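Structure, as structure tokens:
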Amino acid sequence: MSNYQHKKGTIRDNALEALLHDPLFRQRVERNKKGKGSYSRKTKYGKNSGQEARSKQVDAFLLLAFFVLTAAVMHLYYSGL
């Protein structure tokens, strides 16, 4: 027999019954890969998982920040000449 470390404490009466009530033999729900009930919202590969599209406000803020930084750099460049 294998060396599985059960999680039921010390076995006093029936070793087989203790193993059957162990988390190793709990019921699991298996998801279908094809057919009814197989649709999954999760992405298959992890490249874009958990990301949502950026809002237009964020894009506008980044554009404004770019122009402000560009103006500051141009000001420093021309004032140094």
Check your understanding: Could you count how many residues in the stretch 6-42 are under 30 Å from the mean Cα position of the chain (by Cα) and either open to solvent by 100 Å² or more (accessible area, probe 1.4 Å) or among the hydroxyl-bearing types (Ser, Thr, Tyr) (or both)?
Key -> 16
Review point. Quick one: what pairs do we get from the stretch 21-33, first residue farther than 16 Å from Asn3 by Cα, second surrounded by fewer than 10 Cβ atoms within 10 Å (Cβ to Cβ), C-beta under 8 Å, 6+ apart or different chains?
Key: Arg31/Gly37; Arg31/Ser38; Asn32/Ser38
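The values are calculated or read from the model by the stated rules, or taken from the named source; none is laboratory data. Source: prediction; values computed, not measured. FYI the Cβ positions are ideal-geometry reconstructions off the backbone, even for glycines, and counts take in every protein chain you see. These area figures cover heavy atoms from the full protein model, side chains too; ligands, DNA and RNA do not enter into them. Shrake-Rupley method; radii C 1.70, N 1.55, O 1.52, S 1.80 Å.
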